[in-house]
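K.L.:
What follows is a single structure, and I will ask about it in a moment.
The values are calculated or read from the model by the stated rules, or taken from the named source; none is laboratory data. Predicted model only: the values in this text are computed from it and were never measured. All Cβ positions, glycine included, derive from the backbone under ideal geometry; neighbour counts span all protein chains shown. The area values use the complete protein model at the heavy-atom level, side chains included, leaving out ligands, DNA and RNA. Shrake-Rupley method; radii C 1.70, N 1.55, O 1.52, S 1.80 Å.
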Amino acid sequence: MVSIREILSLERFSNFKLINKDADLSRKVTSVDITETPDVKDFTSEHTLLLTTAMNFKDDQQALINFISELDSVPVAALGIKLSRFIHSIDKEVIDHANKLGFPLIEIPENWKLGQATHSISTYISKDETEKLYYALEVQQRMNSMLIKEFSVERMLNQLSQFLRLPLVLINPFYKVEVTSNNFKNDQKLLKENLRYFNDVYLPDKDNVNVDFNSKIAVFEVPAFSYFPYYLIVSDLETISYPFSHLAIEQAINSLSFAIYKDSRIRATEQEDVNLLFSSLINITEGSPISLESNPEFFERYHLKDSSYYKVIICGIDPGSDIENSEYVNERYQLTFEWLQSVLVTLDPNISIFGFGDSNKFAILLQDEHEYYQAYCRHLQQEYKKFFKESLSFGIGNEVSDFTQIHSSFVEALETFDICQDEGQREFLEVYRPRNFEELLQLLPADKVRPFVLSTLGELAFPSNTKDKELKKTLQIYMDNQCDITKTSNEIFVHRNTVKYRINKCEELLKVNVMDPVHSLNLRLALFISQHIQDN
């Protein structure tokens, strides 16, 4: 878009003079028009260069002050006045007011007719936009050609940098440098300056930062992903020359976006093969033909190695309160995967990340012992929230010493994760522990275990009268005391013979010998379960 400064700098308009020295010459001009009416405000488009003889203000330049204020509110780009007709000079109060607003006042020379000036400026603006369009199309063609030839993102960025003659830095969604143009190889100071601007100026207020082509550095979003954009930092913008335009950079960004997305999809497809192998490992059974020793090169290609230490950690994204559309979920999954890989492989190249069919969970496989792995998981939880609106949780399986036992650690980690998540926990870090009988019992619905209780205890399963309740209580305490009559009588404060009588009565009702090991186990289980059902 053409500016007032650009128009005044052209040879053909060299005798157009700026009247007020404090005018904002960066104002953009999209059209030119002529007016001789004071109420033109509601009929004038934004960024119009308005030309006039100021006929209506020849006897009242104070009214020109209000007229300038109205034009500035549109906003009009500038007001060109032919001073040789009705007004031969502008009052100081008018000039001061225009300076206060930064509103340009331009003197149109006597030898220029307003119609001629309108035509000349309009022609230049039209030609300028055409040249910029051709330039933008050339940028697009060059970038598309590189896409067709399957240039890497790094090579595309360097080619674009050479063509635009500008230093470029590509930042990924995690605010880390992805690629830099060759300009930075011998100029680390410039790179640090770019990154300082990105982190300290752009990121804190990125929603309100506007691109200024007269600035030293500018940042453009690269929408390779709809919800997690990349960023292109462009340096030395003030050195750009005609016919560079915002449209040209937009075309380059569109092509970069496609290249980044394509590379990401290729990586995701390659990872699917790795995930399939991992799925076969976690579903392994004894006698499975899968063996690390038989083909170590094959497994090494899939980031698996022979070790005496393996531990699986399930990393999951905590459910959010907002409705999540499929596009967001897919992008989040892919980028979370890439983020985990980047940070964990930096910690240990033998750490592997796998997907296993759940768009919210990942399996992290440790193949070397790490003393502080839990602390690092906490660190991941803190860092993740900087780039994503959700949080992470971890379920951790026990270590195993054999490759074929990885599935065991996986099952433990997944079970731990699912239990904590079902309880409504968030941002948890839980290590697997074996369950006791009561916890296992809670996994079974009451209607599944009630028949066992009824068939084992009969009338004593859920007694309603006092007599049966006393029999059941005595049987429970008798079993708890390992069938010791003396201990039972002391605990319930009754005579030993009373205990004998009640136990004999229970055996008659249940038609079993309570001392028999099998019946004793069934009775203990049934008594425990009946109490659990009643309590719940």
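K.L.:
Residue by residue, what Karplus-based ³J(HN,Hα) values in Hz, rounded to whole numbers, does region 453-462 have, using 6.51, -1.76 and 1.60 with θ = phi - 60° and x for Gly and Pro?
P.N.:
5, 5, 6, 8, 9, x, 5, 8, 4, 9
K.L.:
Calculate, for Asp348 and Met55, the FRET efficiency according to 1/(1 + (r/R0)^6) with r their C-beta to C-beta distance and R0 51 Å; round to the nearest 0.05.
P.N.:
Working: r = 81 Å, r/R0 = 1.59.
Efficiency for this residue pair is about 0.05.
K.L.:
Hey, any idea what % of the chain's accessible area is carbon plus sulfur with a 1.4 Å probe? Write down the numbers at each step before the final one.
P.N.:
Numbers: 13750 of 28340 Å².
Ligands and nucleic acids excluded, carbon and sulfur give 49 percent.
K.L.:
Follow-up. Given H placed 1.01 Å from N in the peptide plane, which residues other than close sequence neighbours of Ile108 have an amide H under 5 Å from its amide H?
P.N.:
Ile81, Lys82, Leu83
K.L.:
Between region 1-47 and region 128-193, how many Å separate their Cα centres?
P.N.:
Taking the Cα centre of each part, region 1-47 and region 128-193 sit 34 Å apart.
K.L.:
For Val2, which sequence-distant residues (separation of 5 or more, or a different chain) have an amide H within less than 5 Å of its own amide H, given hydrogens modelled in the peptide plane?
P.N.:
Val29
K.L.:
On to the next question. Run lengths n ≥ 4 of DSSP H only: what is the helix-derived mean residue ellipticity at 222 nm for the chain, with -39500 (n - 2.57) per run over all residues, to the nearest 500?
P.N.:
Numbers: 17 runs with 253 residues, N = 536.
That calculation yields -15500 deg cm²/dmol at 222 nm.
K.L.:
If you don't mind, there's one more thing I want to ask. Could you let me know the centre-to-centre spacing of region 94-113 and region 493-521, using Cα atoms, in angstrom?
P.N.:
112 Å
K.L.:
Which one, Ala526, Leu237, Trp339, is farthest towards the positive end of the dipole of the chain when Lys and Arg carry +1 and Asp and Glu -1 on their Cβ?
P.N.:
Sorting the options by dipole projection puts first Ala526.
K.L.:
While we're here: Kindly flag which residue pairs out of Lys41/Lys92; Lys176/Lys386; Lys206/Lys389; Lys17/Lys113; Lys473/Lys505 have an alpha-carbon separation exceeding 20 Å in this structure. Display every interim value, and only then the final one.
P.N.:
Numbers: Lys41/Lys92 23 Å; Lys176/Lys386 13 Å; Lys206/Lys389 17 Å; Lys17/Lys113 15 Å; Lys473/Lys505 13 Å.
In this structure, Lys41/Lys92 lie more than 20 Å apart at Cα.
K.L.:
Now, a different point. What is the calculated FRET efficiency for Phe258 to Asn210, with r their C-beta to C-beta distance and R₀ = 25 Å, to the nearest 0.05?
P.N.:
Details: r = 25 Å, r/R0 = 1.02.
According to the calculation, E is roughly 0.45.
K.L.:
Something else now. Quick one: what are the phi-derived ³J(HN,Hα) couplings along region 347-356, Karplus 6.51/-1.76/1.60 with θ = phi - 60°, whole Hz, x for glycine and proline?
P.N.:
Couplings: 5, 7, x, 8, 7, 10, 10, 9, x, 9 Hz.
K.L.:
If you don't mind, another one. Rounded to the nearest 0.05, what FRET efficiency do Lys467 and Ser308 have when you use their Cβ-Cβ distance and R0 = 45 Å? List each step's numbers first, then the result.
P.N.:
Working: r = 62 Å, r/R0 = 1.38.
After rounding to 0.05, the efficiency reads 0.10.
K.L.:
Please list, in order along region 140-153, the HN-Hα scalar couplings obtained from phi with the Karplus expression 6.51 cos²θ - 1.76 cosθ + 1.60 (θ = phi - 60°), rounded to whole Hz, x for Gly and Pro.
P.N.:
4, 5, 5, 5, 5, 4, 5, 4, 4, 7, 6, 5, 5, 4
K.L.:
OK, next. For region 65-175, report the convex hull volume of the alpha-carbon atoms normalised per residue, in Å³, without decimals.
P.N.:
Values: hull volume 21.5 nm³, N = 111.
Measuring per residue, one finds 194 Å³ for the Cα hull of region 65-175.
K.L.:
Shifting gears a bit: Eigenvalues of the Cα gyration tensor times 5, then square-rooted: what semi-axes does that give for region 1-144, in whole angstrom, largest first?
P.N.:
Working: eigenvalues 174, 49, 37 Å².
Here the semi-axes work out to 29, 16, 14 Å.
K.L.:
Let me ask something else. For Leu51, enumerate residues with amide H under 5 Å from its amide H, sequence gap 5+ or separate chain, H modeled in the peptide plane.
P.N.:
Asp33, Ile34, Thr35, Gly80
K.L.:
Here's a follow-up. What longest range of the chain stays clear of loop-exposed chymotrypsin sites (Phe, Trp or Tyr not before Pro) (DSSP non-H/G/I/E/B, at most 10 other C-beta within 10 angstrom)? Present the calculation step by step, with values, prior to reporting the outcome.
P.N.:
Working: sites that count: Tyr372, Phe493.
In the chain, the maximal stretch lacking such sites is 1-371.
K.L.:
Scattering from the C-alpha atoms of the chain alone, worked out with Debye: what is log10 I(q)/I(0) at q = 0.06, 0.07, 0.09 1/Å?
P.N.:
Each listed q maps to, in turn, -0.57, -0.68, -0.87.
K.L.:
Taking region 10-113, which GluC sites (Glu not before Pro) meet the DSSP loop condition and have no more than 15 other C-beta atoms within 10 Å? Provide the component values of the computation, followed by the final result.
P.N.:
Details: sites: Glu11, Glu36, Glu46, Glu70, Glu93, Glu107, Glu110; in loops: Glu36, Glu46, Glu110.
Sites meeting the loop and neighbour criteria: Glu36, Glu46, Glu110.
K.L.:
With every protein chain present, what is the per residue accessible area of the chain (1.4 Å probe, Å²)? Don't skip to the end; give the middle numbers.
P.N.:
Details: 28340 Å² over 536 residues.
Using a 1.4 Å probe on heavy atoms only, each residue of the chain averages 53 Å².
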